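Data block below; observations after.
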């Protein structure tokens, strides 16, 4: 049939683009506008082959073949079909498995069934040579596209180049229509604005019991140092960033939990209080502030605030517009939660709990992040930097909304 088909090896296309624009083949060094890229591929294919497009097949690898955010966006685009192979880690490097075999099978099947008259291959893998030759035998014209090599040399199999009917190089000007190199900042995400209440807590006077415990710890560490044995945690915190041994009055989390505000009423309020501290055994109850845990328990989760219609719309937005950036994921979650709160009092309660997100909401936030592949290829655990970025994005959105409400609030009458 007089139609063209495009088969894209995403690993080759984006890896070569990263080498060209960022100097190394890591796809994490580039940002891709997939909508613009697909449109550019379609226009170039129809122009080169002088045939209307039947379909673009996008071949890529994914951990456990689980679609990543970019795959979910691509597969809902018109005339795009996504085929996923496995992505495995070996010797510290990621490698695609099964992608070239899937491309070979698709190419052979299209040619055998005469589904198209022209096939555009965007790949450099010589393993596709038998499939290319088979397609030619079935009367299909094969167009081979290369990404401009960073060093000016070939980045494709010479045998593949020799067997192709037509060849085209996608140069830097074409690539930069949809691909940009990232600017490296060295920071995983912008930090939220500092909160003065944290400094107030750390500078507040400790109870006598906490001071005594801190002094006892200091004396114990000093005695251990004199005996020539380093403290158990010293080996883990050596180097220029190591802080000096704790002195009397420097609070630990346990000391902060026992902290009491000045005044009899405040002291009474803190009696028999409870905070929940994270540990390797889960969440552990410690003495703390009952008002905080009561407020946290009263805050609704996003699931409780979301209707069936909103859930469907959220899913569509996740697929079509939300990327997999951890900071952005935290912002999107916070924005939806705030928009659906029935009253602003809940937002004010949450804001006072900074930097700890209530356990129920935090768990829901991390589960939401898992939808974007942030759990994949990390032993089913979200990377610590990603966790920071997710929560930083969450708090940043909360701060923006809180500040906007304070500005919009009417001034008190004099």
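Read-outs: derived from the displayed coordinates by stated rules, not from any lab. All values derive from a computational prediction rather than experimental measurement. Every residue, glycine as well, gets a Cβ built from its backbone with ideal geometry; the counts of neighbours run over all protein chains shown.
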Exercise. Please label the shape of region 298-349 as rounded, prolate or oblate, based on the square roots a ≥ b ≥ c of the eigenvalues of the alpha-carbon gyration tensor (a/c under 1.5 means rounded; beyond that, a/b larger than b/c means prolate, else oblate).
Key: oblate
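Provide 170, 347, 74 in ascending order of the number of other Cβ atoms located within 10 Å of each residue's Cβ, fewest first. Write down the numbers at each step before the final one.
Values: 170 20, 347 17, 74 23.
Result, fewest neighbours first: 347, 170, 74.
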Quiz item: By DSSP, what percent of the beta bridges with both residues in region 4-181 are antiparallel, rounded to the nearest 5?
Solution: 20
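Please work out whether region 4-181 counts as rounded, prolate or oblate from its C-alpha gyration tensor, where a ≥ b ≥ c are the square roots of the eigenvalues and a/c under 1.5 means rounded, while otherwise a/b larger than b/c means prolate and anything else oblate? Please report the intermediate quantities before stating the final value.
Working: a/c = 1.34, a/b = 1.27, b/c = 1.05.
Taking the square roots of the gyration eigenvalues as a ≥ b ≥ c, region 4-181 is rounded.
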Quiz item: Going by how many other beta carbons lie within 10 Å of each one, how would you line up 344, 117, 28, fewest first?
Solution: 28, 344, 117
